[in-house]
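First comes the structure, then the notes that go with it.
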Amino acid sequence: MERTVKLRVRVDYSTYSALKEVEEEYREVLEEAINYGLSNKTTSFTRIKAGIYKVEREKHKDLPSHYIYTACEDASERLDSFEKLKKRGRSYTDKPSVRRVTVHLDDHLWKFSLSIISISTKKGKVLISNLP
């Protein structure tokens with residue numbers, strides 16, 4: 001079961017910069033995971049995670065570990081989709097490019113209540129109020 005939550009909220013600059021920093025590091029991990037999957041000819045989440053997790057944890061010490069985990073899941077899905085397109089002759093490049101990044105948050109990275117959303121970042125948890 002997946003949940004997609006889309007809320008329009010206003011955040012202050014410090015909250016925005018903390019979330020933007022997480023997005024940039026998530027992109028780096030995602031690109032590394034995709035490159036690892038391509039070079040080792042695998043789309044398996046477990047193989048990608050086993051191959052890059054330790055190195056990425058060392059590079060991104062302050063980033064909560066579940067961001068690396070979810071980036072590996074994201075890379076696995078992207079690689080699998082790319083391989084299917086490639087088989088059908090619908091891929092136009094040799095490797096998938098990361099144009100848009102949607103940070104996947106598993107249940108360890110965020111908490112939701114009716115008045116507050118809490119998201120784990122490098123600088124601790126940020127609280128976002130969805131009240132008008």
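Residues of the stretch 64-102 that are over 21 Å from ARG47 (Cα atoms) and touching a helix residue (DSSP H, G or I) at 6+ places or on another chain (Cβ under 7 Å): SER91, VAL101.
I want to confirm something. Restricting to the stretch 93-132 and keeping residues that are β-branched (Val, Ile, Thr) and part of a loop (DSSP other than H, G, I, E, B), which single residue is surrounded by the most Cβ atoms within 10 Å (Cβ to Cβ)?
Just the residues of the stretch 93-132 that are β-branched (Val, Ile, Thr), to begin with: 93, 98, 101-103, 116-117, 119, 121, 126, 128.
Now narrow it down to the ones that are part of a loop (DSSP other than H, G, I, E, B): 93, 98, 101-103.
Numbers: THR93: 8, VAL98: 14, VAL101: 14, THR102: 9, VAL103: 17.
Of everything passing the filter in the stretch 93-132, VAL103 is surrounded by the most Cβ atoms within 10 Å (Cβ to Cβ).
Applying the condition of being polar (S, T, N, Q) and in contact with a Ser or Thr (Cβ under 8 Å, 6 or more places away or on another chain) to the stretch 44-102 and asking which residue is nearest to GLU21 (Cα to Cα) yields SER76.
For residues that are assigned to a helix (DSSP H, G or I) and among the aliphatic types (A, V, I, L, M), scanning just the stretch 44-72, find the one that is nearest to VAL103 (Cα to Cα). Here the answer is ALA71.
The single condition among (1) aliphatic (A, V, I, L, M); (2) more than 14 Å from the chain's Cα centre (by Cα); (3) part of a helix (DSSP H, G or I) that ALA75 does not satisfy is (2).
LEU19: in a loop (DSSP other than H, G, I, E, B) and either closer than 29 Å to SER129 by Cα or at pLDDT 95 or above (or both), yes or no? No. Pairs are defined by a Cβ separation below 9 Å, a sequence spacing of at least 6 or placement on different chains, a first member in the stretch 106-126 that is in contact (Cβ under 8 Å) with a residue 24 or more places away in the chain, and a second member that is loosely packed, with under 12 Cβ neighbours inside 10 Å and among the hydroxyl-bearing types (Ser, Thr, Tyr); the pairs so defined are ILE117/SER129; LYS123/SER14; VAL126/SER14.
Restricting attention to the stretch 30-39, the residues that are under 14 Å from ASP80 (Cβ atoms) and either surrounded by fewer than 19 Cβ atoms within 10 Å (Cβ to Cβ) or of a type in the set (Lys, Arg) (or both) total 1.
The values are calculated or read from the model by the stated rules, or taken from the named source; none is laboratory data. In this text, all values refer to a predicted model and were calculated from it rather than measured experimentally. Counting neighbours? That spans all protein chains shown, and the Cβs are built from the backbone with ideal geometry, glycine included.
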